[in-house]
Amino acid sequence: MHWPQSSRPLPRGFQVNAYKHILAAIDLNEEASEVLNNVRNLARLYDARWSVVSVIRPLTYGYTGIETAALGHVVLNFEMEAQVMARKRLAELCAEVPEDRRHVLIGSPAVEVRACAKAIGADLIVIGSHGQHGLGLILGSTANGVLHGSPCDVLTIRIK
């Protein structure tokens, strides 16, 4: 990768983090490749290892009033099947990442991504963002949720 040269000196004390472990946080859709391509490039640039995480929202996520105990085995079966499918998709998208660094979690995406980054010792999270406006901005996005309370730096990739 070639970086443009500047004739201006860097400010005294200026430092660039040399990332050692990058966590790609992705949805398993066609937009994941944009985030993954950026992570691959960053990993090469910093000679860093990288991991990937995808979070599945629980079946009852956001549905207040649903009694999960009444659904019991249905919810459990759905979540188990969703995890199996997600693991297969992650293997297709990033086969070069060892299986023990491909994480599929169930829960609130922002919370789980932050927890995963902390657990694996990531020093950079890379996540896609659609650049929400209006009501979406007020309600927040997963990228915004990851940023606030993150245990490390966060880089958002604008999804086109």
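General remarks:
- Matching option when the condition is closer than 18 Å to VAL146 by Cβ, at pLDDT 95 or above and in contact with a helix residue (DSSP H, G or I) (Cβ under 7 Å, 6 or more places away or on another chain), among VAL39, VAL104: VAL104
- Single match in GLU96, GLU67, GLU81, GLU92 (criterion: modelled with pLDDT under 85 and at negative phi): GLU67
- Conditions (1) surrounded by 14 or more Cβ atoms within 10 Å (Cβ to Cβ); (2) at pLDDT below 95; (3) part of a helix (DSSP H, G or I): number failed by HIS73: (1)
- Considering residues of the stretch 1-27 that are modelled with pLDDT of 90 or more and of a type in the set (A, V, I, L, M) only, the residue farthest from GLY121 (Cα to Cα): ILE26
- Test: SER129 is surrounded by 15 or more Cβ atoms within 10 Å (Cβ to Cβ), more than 11 Å from the chain's Cα centre (by Cα) and either farther than 21 Å from ILE22 by Cα or at pLDDT below 95 (or both): no
- Members of the stretch 28-49 that are over 14 Å from ALA122 (Cβ atoms), of a type outside the set (A, V, I, L, M) and not in a loop (DSSP other than H, G, I, E, B): SER33, GLU34, ASN37, ASN38, ARG40, ASN41, ARG44
The values are calculated or read from the model by the stated rules, or taken from the named source; none is laboratory data. From a predicted model like this one, the values you see are computed outputs, not experimental measurements. Positions of Cβ are generated from backbone atoms using ideal geometry, with glycine treated the same way; all protein chains shown enter the neighbour counts.
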